[in-house]
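The next block holds one structure in the form of structure tokens; read it before the comments.
The values are calculated or read from the model by the stated rules, or taken from the named source; none is laboratory data. Fair warning: this is a prediction, and the values are worked out from it, not measured in the lab. In this analysis, Cβ positions are derived from the backbone assuming ideal geometry, glycine residues included, and neighbour counts consider all displayed protein chains. Heads up: the accessible areas ignore ligands, DNA and RNA and are worked out on the full protein's heavy atoms, side chains in. Shrake-Rupley method; radii C 1.70, N 1.55, O 1.52, S 1.80 Å.
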Amino acid sequence: MNLLERIEHRLSTWIEGAFRRSIPRQIEPVEVGRALLAAVDRSKRISMACVYAPNRFSICLSEPDLADLSSLTQTLEAELKGVLQQKAEKDQLRFIGPISLVFLADPQLARGHLQVKAEFKEGEGADEATSEEALPIETRSYRKELFQAPCLAVEVGRAPQVVVPLKDGLTIGRSTQCDLVLDEPNVSRVHARIVRRSSQWLIVDNNSTNGLFVNGARVDSAPLKGGDRIQVGSAVIVYREPM
């Protein structure tokens, strides 16, 4: 390639790159779904017996992006509600009312950007029996079992499963082979174990790198009582007992 050809090649590359940068990026439906799931994880709340998920969502887009998606909003709404239900079953989350999604234009958002606002909204006139009956059988069975047994609930930190019933020998750590997996870099592969001694549950440090803390105090092992806060690396787990 001679000098003239190299100059022409660089010039065409520069023009093409500038042209691409000048074209606003469109919001794809998959991005809306990811932002929605992230909003659920940010906003979930842990109670004594279960984990509540927000059920009212406002999906804010720039006016051009909302116009682009206007022909898909009904289909997308139905799909996203299904995705939220699947996440609730997978992570043992509970909605306090019907799922509501609304798409809104936000003049302050630039094209290619979106924001999801998540809220809790109780269903009017809905009672415990009605909301339980609306759940899949597998989820109802899990919760009945969960209410009758002590469990660990992840309050802070990334975990594929946020509520885990206790059992003798239960393992906590970063390894995917653990019973309670914590996807945090400062958690050891097998950080701690739960053991049963007589009628008492104990948590035991498994020679972890960063130690085990219960209610702010570093321990090698400690008996557990309802409401105890267990720190494993940067993750925080709460020990729950049946009410």
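Tabulated results
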item: Single condition Ile203 does not satisfy, out of (1) β-branched (Val, Ile, Thr); (2) assigned to a loop (DSSP other than H, G, I, E, B); (3) more than 25 Å from Ala88 (Cβ to Cβ); result: (2)
item: Segments classed as helices (runs of 4 or more DSSP H), wholly inside the stretch 66-171, with at least 2 members that are surrounded by 14 or more Cβ atoms within 10 Å (Cβ to Cβ) and at pLDDT below 85; result: 73-91, 137-147
item: Residue that is least open to solvent (accessible area, probe 1.4 Å), among those in the stretch 208-231 that are out of contact with any strand residue (DSSP E or B) (no Cβ under 6 Å at 6 or more places or on another chain) and within 16 Å of Pro185 (Cα to Cα); result: Ser208
